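First up is the structure itself, then whatever we jot down about it.
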Amino acid sequence: MKPPQSAPGGGAASAAWELLLPAAAAPARTRGRSLQAALREAVRSGRLAPGTRLPSSRDLAADLGVSRGLVTEAYEQLTAEGYLRSGRGAGTWVGAAARAARPRARDLAPRSPGARADFVPGTPDLSLFPRSAWAAAQRDVLAELPHQDLGYPDPRGLPRLRTALAGLLARRRGVVADPERIVVVSGVAQATTLLGFALHARGVRAVGVEDPGSPQHDALYTSAGVTALPLPVDGEGIALEPLRASGVRAVVTTPAHQFPTGIAYSADRRAGLLDWAREVDGIVLEDDYDGDFRYDRAPVGALQGLDPDHVAYTGSVSKSLAPGLRLGWLLVPESWAEEIVERKRTMDLGHPALDQAVFARFLERGDYDRQLRRCQRAYRDRRDALAAALTEHFPGSEVSGIAAGLHVIATLPERYGPEERFLARVAEAGVAVRPLSSCTHPRPGSAETKKVRLVLGYAHVPPARIAEGVRLMAQAATG
């Protein structure tokens, strides 16, 4: 074969010849599709620029050693798609519709790039993911799953999974769990958004959120057209007087282990919150994000168990297995079930059926309970390691909150402040931390304290790394 002869656009003709050579060598039955794909990619990538004249079908076929019909068919197909343009007697040209493809796909996953020590809360130890047990559940499911179960699922979730979840939540969290009112969702984030849309459809335009609290709640409710109204949290839970004065009829809470302060709502505050919901015919949205992880005693049962008609309950496997699974659940009052299910249907037609079946199998075999026990042991040891390291390297510091979850609040003595300077120093040393102030809504006239208060995550950090990271943080703070 020889390169195409020089002509208008002759350089491009030579480029086309070189780009298409591998396609021309493809097996006969796939040669036409390969030729089209190679030519399409050359236009997309910009190697054949808009306005470039291509060789005639006869010349290109001769140069590639293929039939003229293959080249003609490729030209016609890509002309129909808009990649090429042609005119009678005017030849074939690269069209202007296609744009060069991006050279690579970016990764926008949240990470702490280059950190020597990472104490940002919210991430479990992903190395604890039970790969062997999960793979075994997948093999079993793929061998047994009826063909029809690979179709569009019930938007609430597979009955098998909802039944298994009802048993789990009743047994471990004291939830009144009717499988008919459980909706399988893509984590707590989707559950929150579903509730936000349902509230908006009922004319609700504001929802109370804990302050301090999870910044995620604000953004998710805002995306559903509902304003997040911050309400103060005291030592027993969300303050009831500001809640009543706010006029809201919906409030988001984390009563088992308040994020981020780490308190558990008192019995009186839990009862008062439910009284408020009954008085205003409102709803409490209970985010049980880490309710299974209590290290000093049995976990306090879910608020939903006290009044299923006024509490919507949500949780996920993000802290117990991995957030990348995007698996969670939403248990709603009966009066809310129909509209939540319909919203889920229109949002995504249901959670992936195969993932649901695997998780159901994982629950049924007791693998999930074993995983929870494994994580509890590891995370309890890491919490102890963090508390010991803070005592050693930051004398006079205080760790507050119950012995639970995947984070602590650490309050450092005033000599380590002010907070802005402390944060700048530890960041320069390569230590990633989050201040408590990042979880608090700014209040007019609030005075800045000299103390440094940090929300420190520990679940994803091995004990030896915890000790080293706190030592680096102390060196940076006093250096």
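The values are calculated or read from the model by the stated rules, or taken from the named source; none is laboratory data. Keep in mind the model is a prediction, meaning the values are calculated, not measured. Backbone-built Cβ (ideal geometry, glycine too); neighbour counts: all protein chains shown. Please note that ligands, DNA and RNA were not included when accessible areas were found on the heavy atoms of the full protein model with its side chains. Shrake-Rupley method; radii C 1.70, N 1.55, O 1.52, S 1.80 Å.
Taken as Cα centroids, the range 220-278 and the range 103-137 sit 31 Å apart, rounded to the nearest whole angstrom. So what is the diffusion coefficient of the range 367-479 in µm² per second by Stokes-Einstein at 37 °C and 0.692 mPa s, using a Kirkwood Rh over Cα pairs? Approximately 220 µm²/s, per Stokes-Einstein.
Of all DSSP beta bridges located in the chain, what percent are antiparallel, nearest 5? Don't jump to the answer; show the numbers that get you there.
Details: 28 of 45 bridges.
For the chain, the DSSP antiparallel bridge percentage is about 60.
Which percentage, to the nearest 5, of the DSSP beta bridges contained in the range 163-265 is antiparallel?
Numbers: 2 of 9 bridges.
Given both bridge residues lie in the range 163-265, the antiparallel proportion sits at roughly 20 percent.
Contact order for the range 212-325, expressed relative to its length and based on alpha carbon pairs under 8 Å spaced 6+ residues apart, stands at 22 percent. Charge dipole (Cα centre; +1 on Lys/Arg Cβ, -1 on Asp/Glu Cβ; no other charges) of the chain amounts to roughly 1980 debye. Taking the Cα centre of the range 88-176 as origin and assigning +1 to Lys and Arg Cβ atoms and -1 to Asp and Glu Cβ atoms, the resulting dipole is close to 340 debye.
Quick one: accessible area per residue over the range 216-331, 1.4 Å probe, rounded to a whole number of Å²?
Working: 3930 Å² over 116 residues.
Value for the range 216-331: 34 Å² per residue.
Considering all C-alpha pairs of the range 46-129, those separated by over 19 Å amount to 59%. Report, to the nearest whole %, how much of the accessible area of the chain belongs to carbon and sulfur atoms, 1.4 Å probe, protein only. The nonpolar share, carbon plus sulfur, comes to 51 percent.
Look at the alpha carbon pairs under 8 Å that are at least 6 residues apart: their mean separation over the length of the chain gives a relative contact order of 17 percent.
The translational diffusion coefficient of the chain, from Stokes-Einstein at 37 °C and 0.692 mPa s with a Kirkwood hydrodynamic radius over alpha carbon pairs, comes to 125 µm²/s.
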